[in-house]
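The structure appears right after this line, and notes come after that.
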Amino acid sequence: MILYFTGTGNTRRAALRLGRLLGDDCIRVLTAAELREPDRAVIEVPEGHKRLVWAFPTYSWGIPPVVAEVMKRARIGRRASAATHIMLTTCGDDMAYTDRQWRRIMHGRGLAAAGAYAVVMPNTYVLMKGFDVDAPEVAQAKLDASDDAIGRIAAQILAETPGDITVRLGWSRVKSGIIYPWFIRYAMSPRPFHSTEGCISCGLCARSCPMDNIVMNSGGRPEWHDSCALCLRCYHVCPRHAVAYGKATSGKGQYLESSDRNRP
């Protein structure tokens, strides 16, 4: 079974491709209810499944907090407890020590953590100076290379070969040990989100939010509440580029994985 969380579609693409290569017919997304109330979530694998793949994007060189909370607090079913657990993360360039964080959580729950795998996908983070989406040709090159990378990951999983496939560019201890905690504490507020004058009140941002965190007010404009994963789907999915995050997104690009464009 592959259980995934996605914002802009990169992780969904990777999960679906991995599922096809593994012959895994059970692929499901973490729901808004599970992400908002992880204590009530129940994670189980179907009868006959012996592995559970946790698939998620890398956030500032770590696990998205909403996903980490599900891993830590959800009720793990009998078959899931006996399964082999595997990590698949998508990252723009570098996973740093995301795998170590994942293993600590798995071991803390007494779960058998096997391989940890990373796949480079197009950049989507745009909320800080110096961060923007990739040029189209760079994004396409990453997508093309990701297919081969997922093929190698699938082969290793099927062969039950020990070892990880990681993507590290250096300074991993600083990135995951210092920057990630700072980012989670100080750089994940949804408060700067707002709509600009280009908003046409289509409601696509609200319908697309994986956390059900956006509502359309009486004036037909989106409002962001506090249950935000900061996945940026609302920003990237807007057809008028009318979702902004303070001034940080001014002049920045948009990216949404092509097969994910029509998914609400």
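The values are calculated or read from the model by the stated rules, or taken from the named source; none is laboratory data. Everything quoted here is computed from the prediction, not taken from an experiment. With ideal geometry, Cβ positions are generated from the backbone for all residues, glycine too; neighbour counts draw on all protein chains shown.
For residue 200, indicate whether it is assigned to a loop (DSSP other than H, G, I, E, B), of a type in the set (Val, Ile, Thr) and touching a residue at least 40 places away in the same chain (Cβ under 8 Å). Yes, satisfied.
Taken over region 70-92, the criterion of being crowded, with 19+ Cβ neighbours inside 10 Å and not polar (S, T, N, Q) is satisfied by 70, 71, 74, 76, 80, 83, 85, 86, 87, 88, 91, 92.
Within region 2-14, the set of residues being out of contact with any Gly (no Cβ under 9 Å at 6 or more places or on another chain), of a type outside the set (Phe, Trp, Tyr) and either closer than 20 Å to residue 77 by Cβ or not in a helix (DSSP H, G or I) (or both) comprises 3, 6, 7, 8, 9. Determine whether residue 255 is modelled with pLDDT of 95 or more and buried (at least 20 other Cβ atoms within 10 Å of the Cβ). Yes: the conditions hold for residue 255.
Checking residue 263 against (1) at pLDDT 95 or above; (2) assigned to a loop (DSSP other than H, G, I, E, B); (3) within 22 Å of residue 56 (Cβ to Cβ), which single condition isn't satisfied? Exception for residue 263: condition (1).
Suppose we filter region 24-45 for residues that are part of a loop (DSSP other than H, G, I, E, B) and either modelled with pLDDT of 95 or more or surrounded by 20 or more Cβ atoms within 10 Å (Cβ to Cβ) (or both); how many remain? Result for region 24-45: 6. The single condition among (1) surrounded by fewer than 19 Cβ atoms within 10 Å (Cβ to Cβ); (2) more than 19 Å from residue 54 (Cβ to Cβ) that residue 123 does not satisfy is (1). Considered as a group, the residues in region 222-252 that are polar (S, T, N, Q) and in contact (Cβ under 8 Å) with a residue 24 or more places away in the chain include one that is surrounded by the fewest Cβ atoms within 10 Å (Cβ to Cβ), and that residue is 227. If the condition is being of a type in the set (Val, Ile, Thr) and farther than 15 Å from residue 116 by Cα, then region 11-68 contributes 27, 29, 31, 42, 43, 45, 66, 67.
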